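I have placed the structure first, in the form of structure tokens, so that the comments after it can refer back to it.
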Amino acid sequence: MKPKTGMIAGLANPTRFLTLVGRVLPFMIAITLVLFAVGLFLSFTSEADYQQGNTVRIMYIHVPAAWLSMMCYMVMAAAALGTLVWRHPLADVAHKAAAPIGAAFTFLALLTGSLWGKPMWGAWWVWDARLTSVFILFLMYLGIIALNRAVDEPQRAARLSAILILVGVINIPIIKFSVDWWNTLHQPASVIRLDGPTIDPVFLWPLAAMALAYTFAFFTMHLAAMRNEIYRRRVAAMRRVAASRAEEAARPQPREQE
Amino acid sequence: MGALYRRDVILALRAGGGALVGLLFFLCVVATVPFGVGPDLALLARIGPAIVWIAVLLSTLIGLDRLFRAERDDGSLDLLKMQDEPLVLIVLVKCLAHWTAYVLPLIILSPVMGLLMNVGPAGLGAAFITLLVGSPAITFIGAAGAAIAVSLPRGGLLVPILILPLAIPVLIFGVGASYAATSEIEAFLPPFLILVALTLFFAVVGPLAASLALRQGDD
């Protein structure tokens, strides 16, 4: 009799996961493209800010990237828990695949923030609390990627980087609340607040559309990267089998020649 | 536990001059800065405490590789894992021993370095106190990195890369408190108390993560 398994436990079978991804991914890509089309259209047609002019549009690229950089880390932290607590095989793949995507989002946030900072603040880079903590996040992503590359065995790499990811979670609340705790140049939170968004709806709608587009883009890329990682491991396993077979086949031959 | 602490300190001080290398590195970093920024005494006096902090941070990170490496190489790490005492406690004791042997000499030397930088008495005292309170945090969190990297064949340079981002808050508040002590505008106590909190926090998180990594590291 087939044992009853939950949704997550059922996905532990990589083949089942691959079938699911194969079915879901085309829809995800389509939704992402539509959302980006809507989001970019709104971003370019919405009014310019009375103070910032057209540079306000940088926000539609910058803010969702910054949100996603943090969300990606939380996804990685959840996967890291899955690795250490439940030893879920897909959790290993999940946080390994997420790290480069998170690094890319963080880099995008830093880059666009810098491009906006030059005309608005008069400097490409300011060492304020938000910028510094996001920069630390970027360094942590790179450190996790480096650790993953330094360990040959995928399972051990996953467990070690899971520990590092969980230790690094401390940085996420620091980033989130840095603008409230320290009185710095970066503006305080204006969208996700207990008393509702303080941002004007003219800017809120394009921002929301772009945030949704970014979120779907993240999950699409994440699923695709996870699929690639599973394929990569299968190829590596097949190569190992082929190599050991070739070795066995090659071994008796020299003796016969002697 | 006491025996382990004594053994680790004696090993660090006598065998191979490991602790001495950290001290020399510290001297080198502090001595390099005046060449880099120029021998302007007013500027050096202002950035002096920060330089000493950065030098201590770097020297600590350099020395962290030795925390578990020798034990792993001669196999006594496996013996430590098999003790009745929880591994977390053993790691904590090893961290304290490492801090005593490698970091405490740097801190004792730091006022002298500050004098070379033309730092005033208030700045010297502040740098000394903040280092004394803050540097254990670097060792504790560094233990996690050292434990992660110990099983890697080429993990030596990885430890500073993994740990530096996590140690930056310690640096920020340590230097912040040192600056506050020399200026009239800012208060010394708030950053100093956050520094204390960071040390206590990492005293829990660091050894916990390190012992977890040591157990997961090899099968």
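Couplings for segment B:138-144, taken from phi via the Karplus curve 6.51 cos²θ - 1.76 cosθ + 1.60 with θ = phi - 60°, read 5, 5, 4, 6, x, 4, 4 Hz in order; Gly and Pro are left as x.
At an R0 of 30 angstrom, the distance between the Cβ atoms of residue A:204 and residue A:145 translates into a FRET efficiency of 0.30. Per-residue mean of foreign Cβ neighbours for B:139-146 is 1 (Cβ atoms of other chains, 10 Å radius).
Helical runs (DSSP H, four residues minimum) scored at -39500 (n - 2.57) apiece and divided by the length of chain A put the mean residue ellipticity at 222 nm at -26500 deg cm²/dmol. For residue A:215 and residue A:29, the difference between the fully extended length at 0.36 nm per residue and the C-alpha to C-alpha distance is 65.8 nm.
Highest mobility in the GNM of chain A, judged by mean-square fluctuation with C-alpha springs under 10 Å and restricted to A:47, A:153, A:248, is found for A:248. Sequence-ordered 3J(HN,Hα) estimates for segment B:161-167 from the Karplus curve with 6.51, -1.76 and 1.60 and θ = phi - 60° stand at 5, 6, 8, 3, x, 6, 8 Hz, glycine and proline given as x. Per-residue shielding of A:167-174, expressed as the average number of other chain Cβ atoms within 10 Å of the residue Cβ, stands at 4. A protection proxy built from the mean count of other Cβ atoms within 10 Å ranks the segments A:161-172, B:66-77, A:104-115, most packed first, as A:161-172, A:104-115, B:66-77.
Expressed as a rounded percentage, what relative contact order does segment B:1-217 have, with Cα pairs under 8 Å and six or more residues apart? Here the relative contact order equals 27 percent. Please give me the summed charge of the neighbours of residue A:242: other residues whose Cβ is under 14 Å from its Cβ, Lys and Arg +1, Asp and Glu -1. Net of charged neighbours comes to +2.
When Rg and Dmax are taken over the Cα atoms of the protein assembly as shown, they come to 25.9, 89 Å.
Amide H contacts for residue A:49 (H built 1.01 Å from N in the peptide plane; partners 5 or more residues away or on another chain; cut-off under 5 Å): A:56. Listed values for segment A:23-39 are Karplus-derived 3J(HN,Hα) couplings in whole Hz (6.51 cos²θ - 1.76 cosθ + 1.60, θ = phi - 60°), namely 6, 7, 4, x, 5, 4, 4, 4, 4, 4, 5, 4, 4, 5, 4, 4, x, and x replaces Gly and Pro.
When only Cα pairs below 8 angstrom with a gap of at least 6 residues are kept, chain A shows a relative contact order of 29 percent. Between A:202, A:241, A:24, the residue with the greatest mean-square fluctuation in the GNM of chain A (Cα pairs under 10 Å linked by springs) is A:241. Near residue A:226: Cβ cut-off under 14 Å, other residues only, Lys/Arg at +1 and Asp/Glu at -1. The net charge is +4.
In chain A, the longest principal axis of the Cα atoms and the axis of helix A:171-181 are about 10 degrees apart. Compared with the dominant Cα axis of chain B, that is its longest principal axis, helix B:87-98 is turned about 40°. For the protein assembly as shown, the number of Lys pairs separated by eight or more positions or lying on different chains, with C-alpha atoms closer than 29 Å, is 5. With a Förster radius of 25 Å applied to the C-beta separation of residue B:1 and residue B:196, the computed FRET efficiency comes to 0.55. Note on residue A:45 and residue B:85: their simple-model spin labels are 7.1 nm apart, each label 7 Å out from Cα toward Cβ.
Taking the average, over residues, of other Cβ atoms within 10 Å as the packing measure, peptides B:97-103, B:108-114 rank B:97-103, B:108-114 from highest down.
No lab work stands behind these numbers, since they all come straight from the coordinates. In this text the structure is predicted, and so the values were computed from the model without any measurement. As a convention, Cβ positions derive from the backbone with ideal geometry for all residues, glycine included, and neighbour counts pool all protein chains shown.
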